Protein chains: 2
Amino acid sequence: MFKELNPLLHSELRLAIISLLISVESADFVYIKEQTKATAGNLSVQIDKLQKAGYINVQKGFNGKMPRTTCSITENGINAFEEYISALKSYLGDKLR
Amino acid sequence: MFKELNPLLHSELRLAIISLLISVESADFVYIKEQTKATAGNLSVQIDKLQKAGYINVQKGFNGKMPRTTCSITENGINAFEEYISALKSYLGDKLR
DNA sequence: CTTATTTGGTTTATTTTATAAACTACTTTA
DNA sequence: TAAAGTAGTTTATAAAATAAACCAAATAAG
């Protein structure tokens, strides 16, 4: 009847992060923060979880002298996102189409 | 960019309850429990929240001598569900269709 | 120069949620 | 009449989300 919703993706902020990253080659911390309107603390925590799950890559580097964290989605992340959407459909019925 | 996801609906079990109720005139506790595979305790709590939010009606009656709790969705509930879906679409992009 | 202030974060603490476990009240069955 | 089942509720615990506090380095202002 109802498919299980991957709890890692069933979170407003993490879903937004993945949604952003899926349509772009990479995005940095500040950009994601702006787009999602998340606080830095919250974003930091959620990025960490997504990385530990293997859904995103996180690279810490520098933009000139300023630190810069760049994120990109992984193959695993893409798959998880697509599965999540497919599971969601079991809840949304024909309302979706 | 990303619309806010009503936190009351952005919960696996509550979403399942609403999803069930939206396509049916009413459903009782036991039926919802079976369909959602929730534990009775969890279901009781979540039904309570949906009722307090005005998203569902809850009627306590009897089926012969056994207690029976019947739920149905309200107009408010329908609206909230539809808004939730519309907000979701801002996260799912074209992946949805 | 040296002292704010800003930037780009992380860590820790608090609040909120979800979930499970324990319990209640009554009914049916053995 | 004692045990087991039904239909839930209440309470306790675990997990999650979020905010607040913090840190290190860079830049701006006096």
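Just so you know, all these numbers are worked out from the coordinates, no wet-lab data involved. Note that the structure is predicted; figures quoted are calculated from it, not measured. Note that each Cβ is placed from the backbone with ideal geometry, even for glycine, and that neighbours are counted across all protein chains shown.
Placing a label point 7 Å from Cα along the Cα-to-Cβ direction at B:ILE22 gives distances to the equivalent points in the other copies of 1.9 nm, listed shortest first. Shown in residue order for the stretch B:34-51 are the 3J(HN,Hα) couplings computed by the Karplus curve 6.51 cos²θ - 1.76 cosθ + 1.60 at θ = phi - 60°: 5, 5, 8, 6, 7, 6, 4, x, 4, 4, 4, 4, 6, 4, 4, 5, 5, 5 Hz (x for Gly and Pro). The HN-Hα couplings worked out from phi for the stretch A:3-19 by the Karplus form 6.51 cos²θ - 1.76 cosθ + 1.60 (θ = phi - 60°) are 7, 5, 9, 3, x, 5, 8, 7, 8, 3, 6, 5, 5, 5, 4, 4, 4 Hz, whole numbers, x standing for Gly and Pro. Pairs spanning more than 31 Å between alpha-carbon atoms, out of A:LYS37/B:LYS33; A:LYS37/B:LYS37; B:LYS3/B:LYS52; A:LYS52/B:LYS33; A:LYS65/B:LYS89; A:LYS60/A:LYS89: A:LYS37/B:LYS33; A:LYS37/B:LYS37; A:LYS52/B:LYS33; A:LYS65/B:LYS89; A:LYS60/A:LYS89.
For A:ASN57 and A:GLU82 in the same chain, what is the full-extension length gain: residue separation times 0.36 nm, less their Cα-Cα distance, in nm?
Values: separation 25, 0.36 × 25 = 9.00 nm, distance 1.78 nm.
In short, 7.2 nm is gained.
Label point of B:GLN59 (7 Å along Cα→beta-carbon): distances to the other copies' equivalent points are 6.2 nm, sorted ascending. Between amide H atoms placed 1.01 Å from N, distances below 5 Å from B:ILE73 occur with B:ASN57, all of them 5 or more places distant or on a separate chain. Under the convention that each Lys and Arg Cβ holds +1 and each Asp and Glu Cβ holds -1, the size of the dipole of the stretch B:29-97 around its Cα centre is about 300 debye.
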